[in-house]
1. Please give the number of the condition residue B:159 fails out of (1) assigned to a strand (DSSP E or B); (2) free of Cβ contacts under 8 Å to residues at least 40 places away in the same chain.
2. Could you say which residue among A:111, A:71 is more than 11 Å from chain B (Cβ to nearest Cβ) and free of Cβ contacts under 8 Å to residues at least 24 places away in the same chain?
3. Taking residue A:95 as the residue in question, decide whether it is closer than 22 Å to residue B:181 by Cβ, in a strand (DSSP E or B), more than 7 Å from chain B (Cβ to nearest Cβ) and in contact (Cβ under 8 Å) with a residue 24 or more places away in the chain.
4. Which residues, taken from the stretch B:47-68, are closer than 22 Å to residue B:109 by Cβ and in contact with a helix residue (DSSP H, G or I) (Cβ under 8 Å, 6 or more places away or on another chain)?
5. Quick one: in the stretch B:166-199, of everything that is surrounded by fewer than 17 Cβ atoms within 10 Å (Cβ to Cβ) and facing chain A (nearest Cβ under 8 Å), which residue is nearest to residue B:94 (Cα to Cα)?
6. From the set of residues in the stretch A:148-158 that are surrounded by fewer than 14 Cβ atoms within 10 Å (Cβ to Cβ) and either under 10 Å from the mean Cα position of the chain (by Cα) or assigned by TED's automatic domain parsing to the domain that holds residue A:44 (or both), which is farthest from residue A:48 (Cα to Cα)?
7. Anything in the stretch A:125-136 that is modelled with pLDDT under 70 and crowded, with 21+ Cβ neighbours inside 10 Å? List them, or say none.
8. Kindly indicate whether residue A:122 is modelled with pLDDT under 85, assigned to a helix (DSSP H, G or I) and at negative phi.
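The values are calculated or read from the model by the stated rules, or taken from the named source; none is laboratory data. Because the structure is predicted, anything quoted here is derived from the model rather than measured. Ideal geometry is used to build each Cβ from the backbone, glycine not excepted, and the neighbour counts take in all protein chains shown.
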């Protein structure tokens, strides 16, 4: 006798009107546990895992040849209009001009090969006039490092939302 | 033998300490600046403008001093008075060392800021603050060389007529005339004073 997969299922579980197996209470609980675990585990991890970065510096660099590409009509934003930093963890804004010509970069004029390094040591919102942005402003938002689980979670959610809203 | 060891133990560390202080490397400002720092520092672009003291103002005249370069205008209500008040506080913190620091306040509003008006405005904060103005194209050239943004906009305050949105950071120029630092608006007085002290200590 040849048995089918449907037979094998029907041996264990009763079938509903459509012929699909009705999950037992145990299976439902297990399924619920897996779904809840899949949702809660990343939330708990996001809340408990300390916020760390490889470097304290957030580097933005004008690559070599940018000026020539701009002259050729290519439009490319290097600096976002908002930069988010964390005191003591990731609190240094570093702007580097690796191009061959002087460039206005964020709040200043940078010579070829020159770097501007600004450490931020306090939570603050810093507005820099910047012609590169439509708003005419570059905002550097500096937050206190999130140390409590709820703060870490909300910081990570905001960071994810910012990343998702990037064009 | 014991005596030699004791004398050696006392004298050698003293010699090492003396050598360190006598020939030790002068502090590199970038290592400790709390505000923004440029690497490598560049020569501060030169300018010659009309000073609020009735004479020409140029950076060359202030070589040997640490220069704070501010761009603003006397009718500014939100940014410039805050920065000037903070710099007044910084000068007080520096005490006698402030004699070797010179603020040069370059106007972004030459239409209204005459040398006399600059003098009156700045002396309300500190009598040593120096204002600088000039022809619009001269000032535009200075702003371009420093990467300063200034844009005239209609003011909400009708009495003012217009305002100028402008870069609010300060530049720190060392005793040798090199642009070393950039101080973002809102930097606490302690941090500015710290950086100025560091630049003042740098050897030529």
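1. The single condition residue B:159 does not satisfy is (1).
2. Residue meeting the stated conditions: A:71.
3. Details: closer than 22 Å to residue B:181 by Cβ: yes; in a strand (DSSP E or B): yes; more than 7 Å from chain B (Cβ to nearest Cβ): yes; in contact (Cβ under 8 Å) with a residue 24 or more places away in the chain: yes.
Yes.
4. Within the stretch B:47-68, B:47, B:49, B:50, B:51, B:52, B:53, B:54, B:67, B:68 meet the criteria.
5. B:188
6. The residue in question is A:158.
7. Filtering the stretch A:125-136 down to residues modelled with pLDDT under 70 leaves A:130-136.
Residue satisfying the conditions is A:130 alone.
8. Details: modelled with pLDDT under 85: yes; assigned to a helix (DSSP H, G or I): no; at negative phi: yes.
When the stated conditions are applied, residue A:122 does not pass them.
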